[in-house]
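The values are calculated or read from the model by the stated rules, or taken from the named source; none is laboratory data. Note that the structure is predicted; figures quoted are calculated from it, not measured. When we count neighbours, we look across all protein chains shown, and the Cβ atoms used for this are built from the backbone with ideal geometry, even at glycine. Just so you know, the surface numbers come from the protein's heavy atoms only, side chains and all, with ligands and any DNA or RNA stripped out. Shrake-Rupley method; radii C 1.70, N 1.55, O 1.52, S 1.80 Å.
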Amino acid sequence: MNDGESEIDDPNFFFAKNGKRDPKTELDATLDAFFSDELKDDNSSVCRFPARYEWLKEKLDADDFPQGDCKEYNKVFKRVDPKSVTLVFPSAHINSPASMFGHTFLRINSSYNSRLLSYAINYAADANTETENGVVFAIKGLLGGYFGKYSLLPYYEKLKEYRDSEQRDIWEYDLDLTQEETMKMFRHVWELNGTHSYYYFFTENCSYNMLWLLETARPSLHLREYFSYQVIPLETVHATESEKLIQAINYRPSKRTTLLRYEVLIEKKYLQKPIELVEEKITTDDIITDESITLEQQRYILEAAIEYLEYQMSKAKIKKEKYLALFHTFTSMRAKLGRGKDIEIVRPADPLDSHRAVRTEFGIGSVDGNARTYLGIRPAYHDLEDSNYGFLRGTQIEFMDLLFSYSKEKDFKVEKATIVSIVSLAQRSSFFKSFSWRTKIGWDNDYLSDKTSFYGGVGAGYSWGNEFAYVYCLLDPLFYVENKFVGGLGGSIGLSVDKYKFMNTNIELTHRFYTTGQEQNIAKISQGFRVSQNIQILLNYDYKEKKVQNRSYNEDTVRAMLKYYF
C-alpha cells in the first residue's frame, strides 16, 4: 500500500466496496468472509486468498481458524514446489523500441535439478504488441491505457519467448530469499491471479511489480523507495544488489549470440552452408561426403543449421511440418558424427557493471575560440557516446537530455533539449541481415541556424562490424523549425570503436540537403574514457557549416566533459 491506498485497481481483489482506500474496513470484511457460512471449497474466500489467511492466522495466533478444501491451490502449489527465487533480466532487444530498456520477471525455483522446470512470474500490459500500432502502444502505455496482468507459466516458455524468438540474452540473479519467504510470495501471486491494475510504462510497469512481490516476501525490504518518477528494469536489478539480495549470477546466451559464435567457428567459405541446408538448397549428404570439409567443420555446420532452423521456426518463417522433418534429419546426421567440443561463448559484461541511468555532466569548452561552460542532466538512459560496457552494442535510448552553456559575456544558451532519441545500429552478418534505424525529436543546434531549433528526424540504413569496431551508413529525412519549416535529407557514415572497456571512440560525418536549396556538412568526433563504473571523461569536437542572413561560416566546438551516473 502507498499512504493507506492499495495499488491494486481491480475491485474483485477486495471484500469491502471501499477496500482499496480503507484498510480497516477491508480487514473487517476479510474476517467476515473467512468466518462466513460459505462452502469452503476452491471458490471460497479462504482458498482464493491464502496470503491473507496465513497472515491473519499468524497475527491472531488463532487455533480455530476455518479450514478450506483448496484442491486447486494445493495442486498448483505442489506442481510449482516453491523453494527459492531468481530475478531474471532479459537484456535489450536491438530492434524493438518497447524492449530496449530490457525486462524483469521472477522465477520460482523448485526442488528439480533443472531450472527449466521451474515456473516464472511475469507482469505485462494486456496488449498485443504484434498487432497494436507502435505509436498507439507507446501513448497508451505512458497514460495507463492498458491493464497489467500477472501470469504464472513454465520458465522454459519464457526462455523461448525472450532468448530464442526475441534474440535477447538472459541474466539470472539468484536471490537471498528463504523457502518460507518464497512460499509467502507464491501465496500472494495466487491472490493476484485474474486481477488487474493499470499499467504505466515508466512507473507501475513489469519491474516495479516484481519489486512489489519481493517486498511481500520480505516486508523489511524497501526496494520501491529507490524509485520515484521512473522504474527502469536494469535499475531494479541494481536496487536488489544494493539491498544485498543477489547471491549468484548465471548467463544464458540467446539464439542470436549462439549463431554469431558459429560465424566465428565456421570457416568463411562454409558460412552459407547452414543457411543452404535450412533452405534445402543442399542436403546433409552434401556436407558429409565432401572430403574437403574437416570433421570439426562438418559438426559446426550441422550444429549451426539446427540453431538457425530453430531460429527460423521461432520467427514463424518456416512451417511446422518442414521444421520437424529437417530437425530430425539434421540432428540424426549430427549424432552420427560423434561428440565434438562444446562451443565456448564468452560471457559478456554483466549489466550490473554498466553505468546507472541518470546522468549529470559538467565541462568546459569553446565555440570558435570563445570559452563556454557546460552543464547537463539526463534522466534516462544511455547513448552511443556513453561507455557501452554492460549494454547492448549499437543501441541508444534517451529521454529529456538537457545541455546548457554559459559564457563570460553572460550569454546563456540551451544547447540541446532532446525529448526522445532512439538508435538501433544492428550489425549485419551471415545469419542476420539486420536493419539499422534511428529517430530523434527535440531542440538542438545542429542545423543551418545559429539558434537552437526544434527538429525531428528518422533514419534508416545498415551497419557492419567486428569485435573491434562497427561502421554504419544511414539516410535521415528530417525537418527543423526556426522562423519557418525547413525539410531536408541527410546522409551519414559513422565509426564506433568499442573494443576496450576503458575507452570508446565515435566519429560521424554527415551531409545534408535542405528544401531551401542549401547544403550542410557536419562532423562529430568524441573520445570517451571510462574512469569508473559511473564516471566518464568525454572529449568532443564538432564541426558545423552555418548559413545565417546570407553569411556562411564554419562553427568549431571543442568540449571536455565530466559525466557522473547515478
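Comparison of Asp353, Asp368 shows that the only residue that is under 30 Å from Thr236 (Cβ atoms), out of contact with any Pro (no Cβ under 7 Å at 6 or more places or on another chain), touching a residue at least 60 places away in the same chain (Cβ under 8 Å) and exposed (fewer than 15 other Cβ atoms within 10 Å of the Cβ) is Asp353. Of the candidates Ile318, Ile306, Ile288, the single residue that is farther than 30 Å from Phe202 by Cβ and touching a Phe, Trp or Tyr at 6+ places or on another chain (Cβ under 9 Å) is Ile306. Note on the stretch 323-350: residues that are within 30 Å of Glu235 (Cα to Cα) and either touching a Lys or Arg at 6+ places or on another chain (Cβ under 7 Å) or not in a loop (DSSP other than H, G, I, E, B) (or both) total 1. A single member of Gly488, Gly465 is touching a Phe, Trp or Tyr at 6+ places or on another chain (Cβ under 7 Å), of a type outside the set (D, E, K, R) and either within 30 Å of Val264 (Cβ to Cβ) or free of Cβ contacts under 8 Å to residues at least 40 places away in the same chain (or both), and it is Gly488. For the stretch 356-365, residues that are open to solvent by less than 70 Å² (accessible area, probe 1.4 Å) and assigned to a strand (DSSP E or B) total 5.
Residues are listed down the side, and each one gets a yes or a no for (1) among the β-branched types (Val, Ile, Thr); (2) open to solvent by 30 Å² or more (accessible area, probe 1.4 Å); (3) closer than 20 Å to Lys184 by Cα:
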{"residue": "Arg218", "(1), (2), (3)": "no, yes, yes"}
{"residue": "Leu221", "(1), (2), (3)": "no, no, yes"}
{"residue": "Tyr229", "(1), (2), (3)": "no, yes, no"}
{"residue": "Ile232", "(1), (2), (3)": "yes, no, no"}
{"residue": "Ile249", "(1), (2), (3)": "yes, yes, no"}
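Just a yes or no: is a residue in the stretch 173-187 closer than 30 Å to Lys317 by Cα and of a type in the set (Lys, Arg)? Scanning the stretch 173-187, I find no residue that is closer than 30 Å to Lys317 by Cα and of a type in the set (Lys, Arg), so the answer is no. Checking each residue in the stretch 293-307 for being open to solvent by 30 Å² or more (accessible area, probe 1.4 Å) and not in a helix (DSSP H, G or I) picks out only Thr294.
Evaluating Lys281 against the criteria (1) within 26 Å of Arg168 (Cβ to Cβ); (2) assigned to a loop (DSSP other than H, G, I, E, B) leaves one unmet condition, (1).
Among the candidates Ala62, Ala92, Ala127, the residue that is in a loop (DSSP other than H, G, I, E, B), out of contact with any Lys or Arg (no Cβ under 9 Å at 6 or more places or on another chain) and of a type in the set (A, V, I, L, M) is uniquely Ala62. Kindly provide the set of residues from the stretch 273-309 that are of a type in the set (Asp, Glu) and within 15 Å of Ala325 (Cα to Cα), ordered by number. Answer for the stretch 273-309, where residues must be of a type in the set (Asp, Glu) and within 15 Å of Ala325 (Cα to Cα): Glu279, Glu280, Glu307. Among the residues of this structure, Gly491 does not count as one that is buried (at least 17 other Cβ atoms within 10 Å of the Cβ) and either more than 25 Å from the chain's Cα centre (by Cα) or assigned to a strand (DSSP E or B) (or both). Among the conditions (1) closer than 23 Å to Val367 by Cα; (2) aliphatic (A, V, I, L, M); (3) in contact with a Leu (Cβ under 7 Å, 6 or more places away or on another chain); (4) without any contact (Cβ under 8 Å) to a residue 24 or more places away in the chain, Ile493 misses just one, which is (1).
For the stretch 371-384, the set of residues classified as in contact with a Leu (Cβ under 6 Å, 6 or more places away or on another chain) and either open to solvent by less than 10 Å² (accessible area, probe 1.4 Å) or within 18 Å of Gln527 (Cα to Cα) (or both) consists of Gly376 only.
Within the stretch 547-555, the presence of at least one residue that is more than 20 Å from Tyr381 (Cβ to Cβ), basic (Lys, Arg) and either open to solvent by 20 Å² or more (accessible area, probe 1.4 Å) or modelled with pLDDT under 95 (or both) is confirmed. Number of residues in the stretch 205-231 that are in a loop (DSSP other than H, G, I, E, B) and of a type in the set (Gly, Ala, Ser): the value is 2. Scanning the stretch 162-180 for residues that are over 25 Å from Thr216 (Cβ atoms) and in contact with a strand residue (DSSP E or B) (Cβ under 6 Å, 6 or more places away or on another chain) gives Arg163, Arg168.
The selection criterion, being open to solvent by less than 50 Å² (accessible area, probe 1.4 Å) and aromatic (Phe, Trp, Tyr), does not hold for Tyr462.
Can you find even one residue in the stretch 46-57 that is open to solvent by 60 Å² or more (accessible area, probe 1.4 Å), assigned to a helix (DSSP H, G or I) and free of Cβ contacts under 8 Å to residues at least 12 places away in the same chain? Yes - at least one qualifying residue is present in the stretch 46-57. Filtered by the rule that a residue be touching a strand residue (DSSP E or B) at 6+ places or on another chain (Cβ under 8 Å) and either open to solvent by 10 Å² or more (accessible area, probe 1.4 Å) or part of a strand (DSSP E or B) (or both), the stretch 182-193 gives Val189, Asn193.
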